[in-house]
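This report refers to the structure that appears directly beneath it.
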Amino acid sequence: LSKGLLTVQSDPAKKANYVIRISKGAVSDDYIPDTNNSYPLTAGNGNYKVTIGELVEGKKYKVVAAEDITLKMKDDRLVFLQSTNLINWNDKTRAVIKARELTKNAKNDQEKLAFIYRYVVNNLKYDNAKAQIVKQRYTPNLDTVFAANTGICYDYATMTAAMLRSVGIPTKLVM
């Protein structure tokens with residue numbers, strides 16, 4: 001919690017049968033458990049309700065666990081520097097390696113942002129075919145997108161966010 005992330009351990013074989021809802025006030029975000037198991041608390045410090053629902057049928061879930069938590073971070077931007085289930089990266093992710101290479105001589109965050117922005121818009125090509133077939137619960141795999149040099153809007157945004165976060169620039173992904 002000190003970095004604005006909630007970790008939920010789950011059985012990978014049953015992940016599609018559960019949903020994790022994280023709520024603060026009127027704002028709720030739903031997540032399908034994945035291998036990362038880290039979910040961002042993006043609404044800043046305060047009280048959250050975490051609910052885990054098990055699929056009953058169709059789109060109906062029953063609550064199987066619920067917990068109230070209080071987030072008290074020293075800097076509420078920390079959550080926007082982390083790898084999460086939606087922006088999943090690490091030091092070996094190819095886009096992250098490229099980001100550090102591009103920004104090694106940058107004088108400030110504005111230069112880092114400019115270098116990364118230029119790289120993404122000049123190297124990724126929009127994939128119209130993918131846009132037609134992408135599934136609703138699609139989450140970009142950054143190494144796949146990086147290798148293909150193609151993607152949809154979500155790929156562009158996720159790659160940019162991961163690259164910026166990896167060089168210390170807090171970045172929020174809005175969907």
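The values are calculated or read from the model by the stated rules, or taken from the named source; none is laboratory data. The structure presented is a predicted model; accordingly, all values stated were derived computationally and were not measured. With ideal geometry, Cβ positions are generated from the backbone for all residues, glycine too; neighbour counts draw on all protein chains shown. Heavy atoms of the whole protein, side chains included, go into the accessibility calculation; ligands, DNA and RNA do not. Shrake-Rupley method; radii C 1.70, N 1.55, O 1.52, S 1.80 Å.
Per-structure values
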{"read-out": "Probe 1.4 Å - accessible area at PHE146, Å² to nearest ten", "value": "30 Å²"}
{"read-out": "Peptide ranges 22-32, 158-168 listed from the most packed, as the mean C-beta count within 10 angstrom indicates", "value": "158-168, 22-32"}
{"read-out": "Mean ellipticity per residue at 222 nm, deg cm²/dmol - from DSSP H runs of n ≥ 4 across the chain, formula -39500 (n - 2.57)", "value": "-9000 deg cm²/dmol"}
{"read-out": "Overall dimensions of the range 56-137 by Cα: Rg and Dmax, Å", "value": "19.1, 54"}
{"read-out": "Neighbourhood charge, 15 Å Cβ-Cβ cut-off, centred on ASP68 and excluding it, Lys, Arg +1 and Asp, Glu -1", "value": "+3"}
{"read-out": "Backbone HN-Hα couplings from phi across the range 146-163 [Karplus 6.51/-1.76/1.60, Hz, Gly and Pro as x]", "value": "4, 5, 7, 6, 9, x, 9, 3, 4, 5, 4, 5, 5, 5, 4, 4, 5, 4"}
{"read-out": "Neighbour net charge for TYR138 - beta-carbon separation under 13 angstrom, K R +1, D E -1", "value": "0"}
{"read-out": "Computed accessible area, ASP68, all protein chains, 1.4 angstrom probe, square angstrom", "value": "110 Å²"}
{"read-out": "Within-11-Å neighbourhood charge of GLY53 [Cβ basis; K, R +1; D, E -1]", "value": "+2"}
{"read-out": "With every protein chain in place, the chain: carbon and sulfur % of accessible area (1.4 Å)", "value": "51 percent"}
{"read-out": "Calculated Rg and Dmax of the Cα atoms in Å (choose from (1) 15.3, 43; (2) 15.5, 50; (3) 17.4, 54), label", "value": "(3)"}
{"read-out": "Å² per residue, accessible surface of the range 80-127 at 1.4 Å", "value": "62 Å²"}
{"read-out": "Heavy atoms of ILE133: accessible area, 1.4 Å probe, square angstrom to 10", "value": "120 Å²"}
{"read-out": "Helix 109-123 axis, angle to the chain major axis (alpha carbon atoms, nearest 10°)", "value": "90 degrees"}
